[in-house]
Amino acid sequence: MYGLVNQAIQDMICQKFGEPTWQEIKCHAQVEGQGFLSMEAYPDDLTHRLVRAASVVLSLSPAEVMQAFGEYWVLYTAEEGYGELLEMAGESLPEFLQNLDELHARVGVMFPKLQPPSFDCEEEDDRTLRLQYSSHREGLAPMVVGLVKGLGDRFETSVEITQIQSKAEGAQNDEFLVHHRPEDGLNKD
């Protein structure tokens, strides 16, 4: 994964729990150095070690850490200069989710070693989407839950997301039902 992901994990931990907690997590994960280079590719194992260490230090499950990170990632990428890309992907939660693969294709221009997941989004009805997530990486489905919740905040949309199929339990891909309703009947423009 690119350093941008690891840097976002560091920033999330420092913001929510403080620098000493980050140093403890880093030590537990056996990660050296002061930071991460955003455009540098790092082994996936490094990110997984950080998540496992955060889980131990914060007394949270790895899934809870990944979900919190997914929510944070939406805000983080917008603040780190990718806001225009996010805006181009859609003006509502359903539109954005339907354009995720296109968004990743655009991001791939800046990050040539990117190995993005793939998303397939279908409308079940006017308030329910079926979101299929495919990735060669294991264990990231909780991050998808967090991402969708974070996008709900971005679009001022109430979101309930339920995983209905799990790759970890033998399904070909992870699949979610996303129930959404704009807060106060308004979408963010």
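Each row is one residue, and each column tells you yes or no for (1) at pLDDT 95 or above; (2) over 15 Å from the mean Cα position of the chain (by Cα); (3) of a type outside the set (Ser, Thr, Tyr).
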residue	(1), (2), (3)
Leu103	no, no, yes
Leu131	yes, no, yes
Leu151	yes, no, yes
Lys167	no, yes, yes
Pro182	no, yes, yes
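Looking only at residues of the range 12-55 that are open to solvent by 40 Å² or more (accessible area, probe 1.4 Å) and closer than 19 Å to Leu140 by Cβ, we find that the one that is modelled with the lowest pLDDT is Ala41. What do you reckon, is Thr21 closer than 19 Å to Leu147 by Cβ and among the polar types (S, T, N, Q)? For Thr21, the condition - closer than 19 Å to Leu147 by Cβ and among the polar types (S, T, N, Q) - is not met. In the range 162-180, the residues that are under 18 Å from Gln98 (Cβ atoms) form Cβ pairs under 9 Å with partners that are among the aromatic types (Phe, Trp, Tyr) and not in a strand (DSSP E or B), at six or more places apart or across chains, as follows: His180/Phe155.
The values are calculated or read from the model by the stated rules, or taken from the named source; none is laboratory data. Predicted, not measured: the structure shown is a model, and the values here were computed from it. No Cβ is skipped: glycine too gets one built from the backbone with ideal geometry, and neighbour counts run over all protein chains shown. The area values use the complete protein model at the heavy-atom level, side chains included, leaving out ligands, DNA and RNA. Shrake-Rupley method; radii C 1.70, N 1.55, O 1.52, S 1.80 Å.
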